[in-house]
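Chemist: One structure coming up, written as structure tokens, with questions to follow.
The values are calculated or read from the model by the stated rules, or taken from the named source; none is laboratory data. All values reported here derive from a predicted model rather than from experimental measurement. Ideal geometry is used to build each Cβ from the backbone, glycine not excepted, and the neighbour counts take in all protein chains shown.
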Amino acid sequence: MVDLFTLLLLSLTVLILASLILIKNKKKNVINQSIPVVSSCYPIIGHLLSFIFNQSKFILDCRQRYGSVFQIKLPSKRIIFITDPRDWATVYRNSNFYFPGDDLGIKIFGMSANNFNHKEYHDEEHRLYARYLQNNGLNELTQQFVKYLRQSMLNDKDTFENDQWKYSGLLELSHLMIYEASTRALFGDIKPLEFEKQFKIFDNKIHYFFALLPKFIYTLFFSQALEARQSLMKVFSLNQHCNDESEFMKHRLDSMHAHPEWFSNNDVGSMNLGMFWASLGNTIPATFWSLYYILRDQKALDDIQQEIQLYLPDNELWTSEMLAKCSKLDSAVTETLRMASSPLMLKYCRNQTQIQLHDQRQLTIEKGGAISLYPMASHYDHRLYPEPFEFKYDRFLGNQYMLANLEFEQEKIGSIGFLPFGYGKSMCPGRFFLRNEIKICTAMILKYIDYKFINVNDHPKQSRYRVGVGIAPPEHDIQIRYKYKSFPVIRVNC
């Protein structure tokens, strides 16, 4: 209800603002006549309300009616949607299109524009991604996460009396398992429970920051979220190089400290805030959806439990290699990402350019034009994934559905038909760690927790407000009761 009231006020404000923008930009607004424009829009605000209130349904309905390419109207611009995966590589290869990462970093996490002007630092950061967030370098983070997750579970278990059940939401349980363990695995002894409330406040409004609205709107409507963001920035500016931090964070901070003329303490705080949210904002809801789908599918549950008992021992810190042996768990997580991820991959055009689509159509994109690739359009396309609205935990087990062999209308397109983490240079660098976290948390809960759904007929949809920002949480939590089994987990000194 709070979100609805906020949206109504926000819509009125945007309506006034849009009128001014429309008058200012009327002569500059070049309409691409070769691309169908979605009808049934409101004066001035265009399709803003449909886009905000149910983005995924709106875009998928538009694709069905207008084809794979169409335009929608928003107050200050038009966005061209290209929804056929066969055309996405063409867009990404065109150097005239760029991802507005700088604008997002400034607007969402309070970063300074100066933070993005240092190629030397950003090249080093990408080397650190390759060294510590994939392949063998990922094992340190993975094992730290296992260690801290086991400790979180033991701490939670200690709050139970005898054989009692505890009532919780499934999303709440996912947060409990992921939040502290993931934060400590990355940042070390930073005491994440002390700023958990601020994270929840900021995360609850993050989708509005992704909208890149004018600054005064945030001041008017989102002062609490701004205060929470400021508190988090302060935490990360005051707590640098904590004990037991990951090698990745240690070297990343060292790279910033090597250039004090580039990065102030506030800059370090805002950049670490960005890393902090990126490590949690999608992982927690993804874990919820993984558990939601698996726990409701008895065949998936039985097969995956058998697999984790075989390959994931009680008395060892699990590694990426151990997790890789759990092929059914991996397939189920991949299927979860197919169904739950909905990034809105936006690109802007530097200079007028042309792109040729797979059907030989030529599109002219004007300077300043906006293009969006919407992976959910392919994730729910029956031509790529038969019965796309059904969760099939073994969909990605055989060669027929291995990502490298995806086919679209008998044309091999490969993994570009599956983009839960974005594509190209803007692809999420922490995607391998995120997958490991989801698999570890799912396996730990299946292995060590008994659960019962309070209402087996409760089937929430994704929060429509968050669709377009990675992986959206459910519109409401699912109530469960759970208790711990006896498990031989050795207490570690945390």
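Chemist: Which members of segment 307-323 meet the condition of being surrounded by fewer than 20 Cβ atoms within 10 Å (Cβ to Cβ) and β-branched (Val, Ile, Thr)?
Modeler: Thr319
Chemist: Let me ask something else about it. When segment 324-334 is examined, which residues are found to be more than 23 Å from the chain's Cα centre (by Cα) and buried (at least 19 other Cβ atoms within 10 Å of the Cβ)?
Modeler: Cys326
Chemist: Given the structure, is Phe202 of a type in the set (Phe, Trp, Tyr) and closer than 24 Å to Met111 by Cα? Give the derivation first.
Modeler: Values: of a type in the set (Phe, Trp, Tyr): yes; closer than 24 Å to Met111 by Cα: yes.
Taking the combined requirement at face value, the residue satisfies it.
Chemist: Shifting gears a bit: Which residue pairs have Cβ atoms closer than 7 Å, lie 6 or more positions apart in sequence or on different chains, and pair a first residue in segment 306-333 that is touching a residue at least 12 places away in the same chain (Cβ under 8 Å) and within 14 Å of Phe433 (Cα to Cα) with a second residue that is among the charged types (D, E, K, R) and assigned to a helix (DSSP H, G or I)?
Modeler: Once the first residue is touching a residue at least 12 places away in the same chain (Cβ under 8 Å) and within 14 Å of Phe433 (Cα to Cα) and sits in segment 306-333, its partners that are among the charged types (D, E, K, R) and assigned to a helix (DSSP H, G or I) give Leu323/Lys439; Asp330/Lys439; Val333/Arg435; Val333/Lys439.
Chemist: Regarding segment 261-272, can at least one residue be identified that is among the small types (Gly, Ala, Ser), crowded, with 20+ Cβ neighbours inside 10 Å and assigned to a helix (DSSP H, G or I)? Reasoning before the result, please.
Modeler: So the first thing to find is which residues in segment 261-272 are among the small types (Gly, Ala, Ser), and the list is 264, 269-270.
Keeping just the survivors that are crowded, with 20+ Cβ neighbours inside 10 Å gives 269-270.
Among the residues that remain, those that are also assigned to a helix (DSSP H, G or I) are: 269-270.
Yes, some residue in segment 261-272 is among the small types (Gly, Ala, Ser), crowded, with 20+ Cβ neighbours inside 10 Å and assigned to a helix (DSSP H, G or I).
Chemist: Now for a different question. I'd like to verify a number: residues in segment 411-453 that are assigned to a helix (DSSP H, G or I), on the phi > 0 side of the Ramachandran plot and touching a residue at least 40 places away in the same chain (Cβ under 8 Å), how many?
Modeler: Summing the residues that are assigned to a helix (DSSP H, G or I), on the phi > 0 side of the Ramachandran plot and touching a residue at least 40 places away in the same chain (Cβ under 8 Å) in segment 411-453 gives 1.
Chemist: Assess whether Tyr311 counts as being at pLDDT 95 or above, in contact with a helix residue (DSSP H, G or I) (Cβ under 6 Å, 6 or more places away or on another chain) and either of a type in the set (Gly, Ala, Ser) or farther than 30 Å from Ser34 by Cβ (or both).
Modeler: It is true that Tyr311 is at pLDDT 95 or above, in contact with a helix residue (DSSP H, G or I) (Cβ under 6 Å, 6 or more places away or on another chain) and either of a type in the set (Gly, Ala, Ser) or farther than 30 Å from Ser34 by Cβ (or both).
Chemist: Moving on. Quickly run through segment 140-157 and pick out the residues that are surrounded by fewer than 20 Cβ atoms within 10 Å (Cβ to Cβ) and of a type in the set (A, V, I, L, M, F, W, C).
Modeler: Leu154
Chemist: Would you point out the residue of segment 454-477, among those that are of a type in the set (Gly, Ala, Ser) and in contact (Cβ under 8 Å) with a residue 24 or more places away in the chain, that is nearest to Leu295 (Cα to Cα)?
Modeler: Among residues in segment 454-477 that are of a type in the set (Gly, Ala, Ser) and in contact (Cβ under 8 Å) with a residue 24 or more places away in the chain, the one nearest to Leu295 (Cα to Cα) is Ala472.
Chemist: Looking only at segment 430-461, count how many residues are of a type in the set (S, T, N, Q) and crowded, with 21+ Cβ neighbours inside 10 Å. Steps first, answer last, please.
Modeler: Residues of segment 430-461 that are of a type in the set (S, T, N, Q), as a first pass: 436, 442, 455, 457.
Still in the list and also crowded, with 21+ Cβ neighbours inside 10 Å: 436, 442.
Total meeting the criteria: 2.
Chemist: Let me ask you something else. Hey, any hits in segment 380-388 for a residue that's exposed (fewer than 15 other Cβ atoms within 10 Å of the Cβ) and modelled with pLDDT of 95 or more?
Modeler: Yes, because at least one residue in segment 380-388 is exposed (fewer than 15 other Cβ atoms within 10 Å of the Cβ) and modelled with pLDDT of 95 or more.
Chemist: If you don't mind, there's one more thing I want to ask. Quick test of your reading of the structure: Phe160 fulfils all but one of (1) among the aromatic types (Phe, Trp, Tyr); (2) surrounded by fewer than 18 Cβ atoms within 10 Å (Cβ to Cβ); (3) more than 30 Å from Ile294 (Cα to Cα). Name the failing condition by number.
Modeler: Evaluating Phe160 over (1) among the aromatic types (Phe, Trp, Tyr); (2) surrounded by fewer than 18 Cβ atoms within 10 Å (Cβ to Cβ); (3) more than 30 Å from Ile294 (Cα to Cα) leaves (3) as the failure.
Chemist: Out of everything in segment 434-483 that is among the hydroxyl-bearing types (Ser, Thr, Tyr) and in contact with an Asp or Glu (Cβ under 7 Å, 6 or more places away or on another chain), what residue ends up being modelled with the lowest pLDDT? Don't jump to the end; show me each part of the working.
Modeler: Here is the first cut: in segment 434-483, the ones among the hydroxyl-bearing types (Ser, Thr, Tyr) are 442, 448, 451, 463, 465, 482.
Now drop any that are not in contact with an Asp or Glu (Cβ under 7 Å, 6 or more places away or on another chain), which leaves 463, 465, 482.
On the way: Ser463: 92, Tyr465: 83, Tyr482: 96.
Only one residue fits best here, namely Tyr465.
Chemist: Does segment 401-410 contain any residue that is modelled with pLDDT under 95, over 26 Å from Leu176 (Cβ atoms), in contact with a His (Cβ under 9 Å, 6 or more places away or on another chain) and part of a loop (DSSP other than H, G, I, E, B)? First the steps, then the outcome.
Modeler: As a first pass, look at segment 401-410 and keep what is modelled with pLDDT under 95: 401-410.
Adding the requirement that they be over 26 Å from Leu176 (Cβ atoms) leaves 401-410.
Right, trim to in contact with a His (Cβ under 9 Å, 6 or more places away or on another chain) and you get none.
Looking through segment 401-410, none of the residues is modelled with pLDDT under 95, over 26 Å from Leu176 (Cβ atoms), in contact with a His (Cβ under 9 Å, 6 or more places away or on another chain) and part of a loop (DSSP other than H, G, I, E, B).
Chemist: Here's another thing I want to ask about it. Does segment 343-352 include one or more residues that are in a strand (DSSP E or B) and of a type in the set (D, E, K, R)?
Modeler: Here is the first cut: in segment 343-352, the residues in a strand (DSSP E or B) are 343, 345-349.
With of a type in the set (D, E, K, R) added as a condition, the list becomes 347.
Yes, some residue in segment 343-352 is in a strand (DSSP E or B) and of a type in the set (D, E, K, R).
A quick yes/no check of all residues on (1) under 22 Å from the mean Cα position of the chain (by Cα); (2) under 28 Å from Thr83 (Cα atoms):
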{"residue": "Ser378", "(1), (2)": "yes, yes"}
{"residue": "Asp394", "(1), (2)": "no, yes"}
{"residue": "Lys412", "(1), (2)": "no, yes"}
{"residue": "Phe421", "(1), (2)": "yes, yes"}
{"residue": "Asn436", "(1), (2)": "yes, no"}
{"residue": "Tyr451", "(1), (2)": "no, no"}
{"residue": "Gly470", "(1), (2)": "yes, yes"}
{"residue": "Arg481", "(1), (2)": "no, no"}
{"residue": "Tyr484", "(1), (2)": "no, no"}
